[in-house]
1. Average projected area of the Cα convex hull of the chain, in nm²?
2. Which angle between 0 and 90 degrees, to the nearest 10, do you get for helix 67-80 versus the longest principal axis of the chain when only C-alpha atoms count?
3. At 7 Å along the Cα-to-beta-carbon direction for both residue 61 and residue 87, put a label point, then send me their distance in nm to one decimal.
4. Using a Gaussian network model of the chain whose springs link C-alpha atoms within less than 10 Å, name the residue from 54, 14, 46 with the highest mean-square fluctuation.
5. Arrange 48, 17 by Cβ neighbour counts within 10 Å, fewest through most, would you?
6. Is the shape of the range 5-60 rounded, prolate or oblate, going by the alpha carbon gyration tensor and its root eigenvalues a ≥ b ≥ c, with a/c under 1.5 for rounded and a/b larger than b/c for prolate?
7. Test of understanding: what is the full-extension gain from residue 54 to residue 25, defined as 0.36 nm times their sequence separation minus their Cα-Cα distance?
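Just so it is clear, none of the values below were taken in a lab; they were calculated from the coordinates. If you're wondering where the values come from, they're calculated on a predicted model, not measured in any experiment. Because the Cβ atoms are built from the backbone with ideal geometry, glycine has one as well, and the counts that use them run over all protein chains shown.
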């Protein structure tokens, strides 16, 4: 059985770009994945994207070529966490995700 691998991504609000926080494999990756599952952190499984991210050194920002896909993944993660733009909120406080602008 092949060792599990994980790459942790964070959006750096200072530089306004996503960055590689941690790359792990084996038992450490399994523990990170388990912790993410327990705490409700979104886990994205994409072998092609992973291979591109795996070439980037830990602590580095994501290259511009991957910005669009990373933005979509981070936006999806935020929506799953209930973090939505203020303009999506109705006067009663509910969220209008399907609202047309």
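1. On the way: hull surface 33.7 nm².
Result: 8.4 nm².
2. The angle comes out near 60 degrees.
3. Simple spin-label model gives 2.5 nm for this pair.
4. 14
5. The most exposed by this proxy come first: 48, 17.
6. Cα axes put the range 5-60 in the oblate bin.
7. 9.3 nm
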